[in-house]
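Here's the structure, in C-alpha cells; my notes come after.
The values are calculated or read from the model by the stated rules, or taken from the named source; none is laboratory data. Note that the structure is predicted; figures quoted are calculated from it, not measured. We place every Cβ from the backbone using ideal geometry, glycine too, and count neighbours over all the protein chains shown. Keep in mind that these areas ignore ligands, DNA and RNA; they rest on the heavy atoms of the full protein, side chains included. Shrake-Rupley method; radii C 1.70, N 1.55, O 1.52, S 1.80 Å.
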Amino acid sequence: MRHMSSLFFPMACALALAGCTTAPAGDPAVADAPDAGALTIEGTVASIDTQPWAYDGNAVVRVDVAGRGAVPVELPARWNLCQAGPVDVEALAVGMRVQAVGAPTAEGGLVVCQDPSHRLVPAG
C-alpha cells in the first residue's frame, strides 16, 4: 500500500514550480498586458449607472464603440473579490473617451474584474 505522503509530494512540487513562474500581483508588466481571453474596446462613455451597486450588482458604463454601438462595461460592487484594480468611476464622465479591457460577457459586453490587466480608464 502506498503511503499518502508519496501521493502529495509530486503535487506539492508541481505547485511550488508553478508558483515560481507566476508574476507577482501588481507587476506593471502584467497589468499592462491584457490576458489572452480579454476583450479590449475604445470609445466614448454614453452613460454611467452605479445604482446596481446598492444591491451588490454590477454598475454598468455604456461605451459607444465605432462600428459596434453601445457596449456595456460591467464594474462589480465587490472590488475586493477582483484581481483588477478598482475603477475610479468619479473620474469618468459622459462624452469622455475611454479604453476598457475585461472578460467578454454572453451579452456582448465585458466585465472588469478577473485579471490584473482588466481596466476602464480615460483613453490617452
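What to note about this one:
Conditions tested, residue by residue: (1) open to solvent by 80 Å² or more (accessible area, probe 1.4 Å); (2) out of contact with any Leu (no Cβ under 9 Å at 6 or more places or on another chain); (3) over 15 Å from Arg62 (Cα atoms).
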| site | (1), (2), (3) |
| --- | --- |
| Pro76 | no, yes, no |
| Leu81 | yes, yes, yes |
| Val87 | no, no, no |
| Ala93 | no, yes, no |
| Ala100 | no, no, no |
| Glu107 | yes, yes, no |
| Val111 | no, no, no |
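- Checking Val60 against (1) modelled with pLDDT under 95; (2) more than 23 Å from Gly124 (Cβ to Cβ), the condition it does not meet: (1)
- Tallying residues that are assigned to a loop (DSSP other than H, G, I, E, B) and either touching a residue at least 24 places away in the same chain (Cβ under 8 Å) or in contact with a His (Cβ under 8 Å, 6 or more places away or on another chain) (or both) within the range 95-121 yields 13.
- Selection of the range 51-61 for residues being out of contact with any Asp or Glu (no Cβ under 8 Å at 6 or more places or on another chain) and under 15 Å from Val111 (Cβ atoms) yields Pro52, Trp53, Asp56, Gly57.
- Hits in the range 84-101 - residues which are more than 17 Å from Ala46 (Cβ to Cβ) and at pLDDT 95 or above: Val101
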